[in-house]
1. Rounded to the nearest 5, what is the percent of antiparallel bridges among the DSSP beta bridges in the range 277-372?
2. Relative to the longest principal axis of the chain, what angle (0 to 90°, nearest 10) does the C-alpha long axis of helix 135-148 take?
3. Report Rg(Cα)/(2.2 N^0.38 Å) for the range 110-246, keeping two decimals.
4. What part of the accessible area of the chain, given as a whole %, is carbon or sulfur when the probe is 1.4 angstrom?
5. For the chain, what does the accessible surface come to per residue with a 1.4 Å probe? Please give it in Å².
6. Treat every Asp and Glu Cβ in the range 51-126 as -1 and every Lys and Arg Cβ as +1, leave all other atoms uncharged, and give the resulting dipole magnitude about the Cα centre to the nearest 20 debye.
7. Per-residue counts of other Cβ atoms within 10 Å, averaged by peptide: what ranking do you get for 135-147, 298-310, highest first?
8. Kindly express, to the nearest 10 degrees and within the range 0 to 90, the angle between helix 87-102's C-alpha long axis and the longest C-alpha principal axis of the chain.
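The values are calculated or read from the model by the stated rules, or taken from the named source; none is laboratory data. Since the model is a prediction, treat every value here as computed from it, not as a measurement. Here the Cβ positions follow ideal geometry from the backbone for every residue, glycine too, while neighbour counts run over all protein chains shown. Ligands, DNA and RNA are stripped out before the accessible areas are found, and what is left, the full protein with its side chains, is counted by its heavy atoms. Shrake-Rupley method; radii C 1.70, N 1.55, O 1.52, S 1.80 Å.
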Amino acid sequence: MAIPVVEPERYAEQLAAKRDYLETTFAAFQPPALEVFESPPGHYRQRCEFRIWHEDDDLFYAMFEVDAANPKNKRVVRLDQYAVASTRINQLMPQLREACLQSDELRRRLFQVEFLTTLSGEALVTLVYHRPLGDEWEQEARALEAALGIMIIGRSRKQRIVLTRDHVWERLEVDGRTLHYQQVENSFTQPNANICQKMLSWAREVTGKQQEGAQNDLVELYCGNGNFTIALADNFRRVLATEISRTSVASANVNLDANGVTNAHIARMSAEEFSLALKGEKAGRRVAEMALEDYDFSTVLVDPPRAGLDEQSCEQLSEYAQIVYISCNPATLAENLTILTKTHRIERFALFDQFPFTDHCECGVLLQRRDG
C-alpha cells in the first residue's frame, strides 16, 4: 500500500481529480450534477493501526509500502507522526512510544498498536503482543492509562484484557442534533468522523421527512453499529435494519437506546438471508421477530463492502421505490448501476472524500423507480 502524502496546499487539486474521475466513470448513467463533500485535508482518521518495529534498543511505529511490480517486496517505513491520523492520535504516538521504551514489560514482544479516538478526544488503545500477558503487564498498563488519560486493551493469543472498557463514545453533530454512537474496539466504524457527519446529513436530506400520517418504512442492509439507522429513524414510520456481525448488532441496539430511537429493529441476518425471508423462503425465530407483515417498505439503504452487490441482490433492490446506495468502491457501484438503472433513475449523486490524498472515493447515490 502507499502511505498518503498530505499536502494541504494541494487538497483542492486532488479533490478536483476525484470529481473528474467520477464524472467520467458514471457519465453513461447521465446522473445529475455531482455533489462534492470535502474533508479536512489532514488529521481526519479517528482510528489507525501500526506495526511496532524493534531495532536493538529502539522501537517505532511502522507501515509497509509494497512494490507494485513485485508485491512480495515490502519496505518498512518509520512513522513518528502520521499526518492523516487525528490530532489525538498524533499526540499519543510519541507519549506511548516513550512509555514503552522505558518499560521492558510494556515493550517486550509488542507487535501492534491500534488507536480508536473520537472528535472529543476520547482514546482507546489496543496493545497487541506475541506473548502471554500477566499481572505485571496489567499493573504497568493501568499506570499508563492514568498517565496518558486513555483506555487500554491488551491482546495476545487467546487473551483480551480490557482494563476500563472496550469502546469509546463518539458524538456526531447532524442537522442540529447530537447523535451518540458506541464504537467498539476491533469492529468497523466510519474512520473519518467529519465526513460521516456530512454523509448522515445528506442521507437525511435525500430520504426526506415524511408527511404526518405516512406509513412508509425503511429497510437497511449492512447497518453496522446503526450509523445510518440512528440518523434516519425519524424520517420514517419504522426502520428494519439487518447486519451479520454479532458485535455490531449488539452495539447498534445500545446506540438505539442511547439516542432514544424506538421505531427501529435490528435483525442479525445476512443480506442474502433477508432476501429469502422477504420471499417467504426462510422461516425461524429471527424471521418471526422481524414481523415483516407489519412493514410497508418504500426505501432501502445499502452500504455494502467493496465487492458491492451480486446480481440477485440488485434485482431485490429494484423492487423498492427508492434506493440509497452508499459505496466505497466506484468500480463495483458502476457494475451494480448497470442493473439498477434498468428500473430506476439517478436523482442524486455525491462524492464524500473519506480519505484525502488516496485514490479512495466514497459515493452516495439516490435512485427513484421510473414507474413512480
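1. Once the DSSP bridges in the range 277-372 are tallied, antiparallel ones form about 80 percent.
2. Value to nearest ten degrees: 70.
3. It is 1.32.
4. Answer for the chain: carbon and sulfur cover 47 percent of the accessible area.
5. 46 Å²
6. About 280 debye.
7. So the peptides 135-147, 298-310, ranked by packing, come out 298-310, 135-147.
8. Once rounded, the angle reads 30 degrees.
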